[in-house]
Structures are given as structure tokens and as C-alpha cells.
Amino acid sequence: MAFTFLFSLVQTLILLASCLYFVYKVVVHRRYNLPPGPQGWPLIGSVLQCCEHTYLTFHKWSQTYDDVFSVRLGVQLVVVLNSYDAIRDAFLHSSTKVADRPKQWIISRATNQKGVATPWNDWKVTRKHMIKTLNEYVVKNKGMEKILKTECDVLEKYISNAAGKPIYPKDAIYIAIGNVFCSLVFSKRFEYSNDDFKTLLAKVSKKAASNTDLLTFLPLFWYIPTTKKRLFLSVEAEVSSLIEAIITERRQQLLDREPENIIDSFLINPGNTTNLVEAAKSMFMPGINSTSSTLLWGILYLALNPEIQEKCYSEIVEVVGIEQHVSLQNRESLPYVEATILEIHRCASVLPLGVPRLVNADININGHTIPKGSTVIANIWANHMNEKKWVNPYKFNPDRFMVDGITNKNHVIPFSIGLRACPGQDFAKVNIFTIITRLMQNFMFKLPPGSKAPSMVGKTGEARQAFDYDVVFEIRHK
Ligand code: HEM
């Protein structure tokens, strides 16, 4: 009896929710002239179709619907921009109306409502200070080149010791980038033999490759004890406690010394001290993950394309020789290397869907109104793989940028554009250029004989990573 009553109640509720959803869709679509998009289910929308490679699902939908389509994920209205023009119209032409972040439950949990990539508190102050200090240390080179040289020397030695034998490059690249980051931000580096640091970086990488769309758009999932949620919380907590310990140490040392790194600069600026752990964390995780993932895609693409590696090597030898290391000043004299790095960014698209934005006032894109309160996502992947823009987009081909100098360069936007574009882009560019050129100058990289190339789909969560692979580095000059 009780069961029949419960069953009827659930049926009635589902029917009611469906009717409300239908009415809502008709009213909202008519009133706002929303972009077209998939139907989805009441309450959950289309979220179940977004549990793995969401960017690929969005790319497919953009071919069915339009460059700009709308989709409901949970109860959230999401508008996805799939071409450079649509992203530019929203993020540059309506920049101030699309400069917020949505208040997502999962981000709130991860950041304690502090830090940069959030809509809360003083993200603006922290972002401004982050850009200012990164500019000072990276662009004006307050120590950056020296830090990179140390890490490249250690990386080169590590690889040379294993030369000729297959190695798993992921650990070494993550430690190298982790160390550049920790040296610049905290004046601290870790040995390759430090298992705690290695394990933490492996977890950071695993978390980034884990899709959290269900947790983001269906907050009820938060109350189910899944391994995803456990991983998410444990990585956040471990990174916070590592950073907290280092900051405490720096705070004490700063008493009798001049500021010598980014955290010191934050510490002497009283306006920022409360958000310090979150500020450092919002650089640590996206910074290390995205930069290392780009480098790992780069090594893989180059190993699969030896003729491109040879062209880069010849250019490096011609411009810099083999005795001297490539320095940042050489960038402009190495156009083919620059084109190759641009092509790595285009093909890797390590943040394929960027970071969601919130619309804070109605905007108009491609003749459609995007209402205040919607979430907007830039599908960087769809832009980078747009067949109308790129000839044979899935082919790794740096030559596409070599006609008349560098063509279409501005349409490669791995760091996104506009007021919330990546504040760490100079840091990432300097690291990627220095490490990839140093590796190409000294080694030829190949997949181990007889091994199969990994699928280029890779793993995705918030970041897109290459599947694990081994590589052989052969020394060029003995
Ligand atoms: C290849 C490396 C990197 C890529 C491809 C990348 C890409 C991106 C993208 C697409 C966004 C979203 C921007 C938007 O909403 O328009 C972003 C945001 C962000 N990135 Fe990066 N990033 C990289 C490296 C870094 C580094 C090295 C740092 C730190 C030093 C960093 C820190 C951040 C932060 C804090 C945000 C949030 C900014 C905000 O909300 O205002 N990223 N990044």
C-alpha cells in the first residue's frame, strides 16, 4: 500500500517537473531567442552526455546545431561558443559582461571561496597582484632565466643518464615544471628522488584528468562518497597543507631578509595576506598541470613526427649552435620552432573548454540573446579543430603557420582571451619554449622500437592530457 502510494507520488512529481520544464523551455527560448541546442531531461538536462570527453560532445553538437548553442546541464543554462569569432564577440566585445565566474558548488569547496579563479571576495585584487608579481619575476626576468637554467640542467642530466633506454617522461617533466614553479613562487625545489613530491604531483595530474561535470552540475552527487570526490578533496587538502607549511616558513624568514620570490611579494603587501594559500594554490595546480601537459603532448607529437623535429633542430643549430643554450632572446630568430610550439598548443588544447564564465548582463551573440545568469563556455578545442579555419586540422603541421610569416596566429587561443584570460600565460610560454628547445637541441626523441603510439584522444577532466607513454631520448652530441 505504502509502496503504491510512494510510486504514484514519484510518478506525479516527475510528470510535474517535466511539464514545468517544458513550459520553462518554451517561455525562456521565446523570450530570449536562445541559441538552439539539445533537448535534455527535466532537472538533469544533458549532463549525462557530458561525463567523459565533454569537449568532444560539445564539438559534435556544434556541428549539429550552430557555432553557438545552448544546453542545460543540471538546472544551469550553459551557452557554448565554438568558433574564434563567437569567443571574440563575447570575451572581447562584451568583455565586462562576461568577466565573472559562476558560483559553482565544487569550486566553492575547492577554494574556500577565495583565490583567483573564483567569483568570490577579492579575486580582482589577488589577480592584479598575481599578474604584477609574475610580470616582475617572469617578463622582467627577476630570476626566471636562472631558475630555468638550473631545472633544465638537472632534467638534461636525468635524461642523459637514461639515454638510449625507454623512460616515462611524465614524472621528470612534472618535477621540472613543479620545481620551476616552487623556485619562483617560494624559493624552494625538490629532488627527483623525493617520493612525497612525486606522489603529490601524480595526484594533481590525476585530479585534473578526472571529469567532475556530474559533481559540478548535479550538486546532489556531492553527497555520494565516490572515489572522484575523495580524490578531489584529498588533493585540495594536500596541496593546501604543503603551501601553508612553506608560507609559514617564508613568513619567518622574511623577518630578516629582502623579498626574493612571489610569495614574499604577496607577504609584504598587507592587502593580500588572507588569501595567500588560495592565491598560491590557484597558481600551483593549473600552472603545473597545464604547462606539463602541454610539454608532454609536445614531446609525443615530435616523437611521432621526426621530420619536424629535424627542421627545428637544424634551425636551432643554425641560429644558436650546439655549445650555447637557447635563451629567451633567441625566440624571434627561431620562427619554425615558434610555429611548432603554436601547433603544439593548437593540437593539445590542454584546457579544451577553458574555465566557465558567468554572464552578468544580457548579451547578443550571432543574433541570439544570452541572458544574464547563464554560464558561458569557450570551446577552445572546437575553435582549434574548426575545419572552416584550418586545413586538415587534425594533422600536426607547423608549416601551416609559416606562409607569409605567422598566419592565423591570433586564432590559436590556448590561454583564452579577454578580461579573465590566463594570468600565467607568460610564465607558461617561457617554460615551454626553454624546455622544449633545450630538449630538441640535445636529444632526438623517438617512441621505443616496436611500441604502438598511444591514442591521441588522451584523458580529459578539466585538463586534456596525453595517455601515458614511454620515450627514448638519443643524445645528439657525445
Ligand atoms: C600551457 C599552460 C596554460 C594554459 C593552456 C592555460 C589556460 C588557461 C585558460 C584557458 C584559462 C581560462 C581563462 C578564461 O576564462 O578566459 C586559464 C585561467 C587561469 N590560469 Fe592558466 N593556463 C596555463 C598555465 C597557467 C599558469 C602557469 C598559471 C599560474 C602561474 C595559470 C593560472 C591560471 C589562473 C589563476 C586562472 C584563472 C584566472 C581568473 O579566473 O581570473 N595558468 N588558464
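The values are calculated or read from the model by the stated rules, or taken from the named source; none is laboratory data. For clarity, every value in this text was computed on a predicted model and none was experimentally measured. Ideal geometry is used to build each Cβ from the backbone, glycine not excepted, and the neighbour counts take in all protein chains shown. Accessible surface areas use protein heavy atoms only, side chains included; no ligands, DNA or RNA. Shrake-Rupley method; radii C 1.70, N 1.55, O 1.52, S 1.80 Å.
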Study note, to complete from the structure: Glu338 vs (1) touching a Ser or Thr at 6+ places or on another chain (Cβ under 8 Å); (2) within 16 Å of the ligand (Cβ to nearest atom); (3) open to solvent by 40 Å² or more (accessible area, probe 1.4 Å): all pass except (1)
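The rows are residues; the columns are (1) among the polar types (S, T, N, Q); (2) open to solvent by less than 40 Å² (accessible area, probe 1.4 Å); (3) within 16 Å of the ligand (Cβ to nearest atom).
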site: Lys60; (1), (2), (3): no, no, no
site: Thr64; (1), (2), (3): yes, no, no
site: Asp67; (1), (2), (3): no, no, no
site: Ser70; (1), (2), (3): yes, yes, no
site: Gln76; (1), (2), (3): yes, no, no
site: Val79; (1), (2), (3): no, yes, yes
site: His93; (1), (2), (3): no, no, yes
site: Arg109; (1), (2), (3): no, no, no
site: Ala117; (1), (2), (3): no, no, yes
Study note, to complete from the structure: In the stretch 50-70, residues that are under 21 Å from His384 (Cβ atoms) and out of contact with any Phe, Trp or Tyr (no Cβ under 7 Å at 6 or more places or on another chain) total 14
Revision key, fill the gap. Note on the stretch 125-154: residues surrounded by fewer than 17 Cβ atoms within 10 Å (Cβ to Cβ), at pLDDT 85 or above and either touching a strand residue (DSSP E or B) at 6+ places or on another chain (Cβ under 7 Å) or over 30 Å from Gln324 (Cα atoms) (or both) are Lys128, Ile131, Lys132
Exercise for review: Return yes when Asp399 is farther than 30 Å from Leu34 by Cβ, charged (D, E, K, R) and within 12 Å of the ligand (Cβ to nearest atom) and no when it is not.
Suggested key: no
Point to revise | Gly321 vs. criteria within 21 Å of Cys422 (Cα to Cα) and small (Gly, Ala, Ser) | key: no
Check your understanding: Hey, among the residues in the stretch 424-477 that are part of a loop (DSSP other than H, G, I, E, B) and charged (D, E, K, R), which one's nearest to the ligand (Cβ to nearest atom)?
Key -> Glu462
Study note, to complete from the structure: Over the stretch 294-325, the set of residues within 26 Å of the chain's Cα centre (by Cα) and among the β-branched types (Val, Ile, Thr) is Thr294, Ile299, Ile308
Study note, to complete from the structure: Selection from the stretch 287-300 of residues near the ligand (Cβ under 6 Å from one of its atoms) and under 16 Å from Lys459 (Cα atoms) yields Ser290, Thr291, Thr294
Practice item. For the stretch 285-299, state whether one or more residues are among the hydrophobic types (A, V, I, L, M, F, W, C) and within 20 Å of Lys188 (Cα to Cα). Key: yes
Revision key, fill the gap. Among (1) assigned to a helix (DSSP H, G or I); (2) more than 23 Å from Leu419 (Cα to Cα), Lys389 falls short only on (1)
Practice item. Identify, from the list Ile288, Ile308, Ile299, the residue that is surrounded by fewer than 22 Cβ atoms within 10 Å (Cβ to Cβ), farther than 19 Å from Val139 by Cβ and of a type outside the set (Asp, Glu). Key: Ile308
Practice item. Check the stretch 261-273 and report whether any residue there is within 12 Å of the ligand (Cβ to nearest atom), surrounded by 20 or more Cβ atoms within 10 Å (Cβ to Cβ) and closer than 30 Å to Thr111 by Cα. Key: yes
Exercise for review: Check whether at least one residue in the stretch 179-202 is crowded, with 21+ Cβ neighbours inside 10 Å, closer than 28 Å to Gln324 by Cβ and touching a Leu at 6+ places or on another chain (Cβ under 7 Å), and report yes or no.
Suggested key: yes
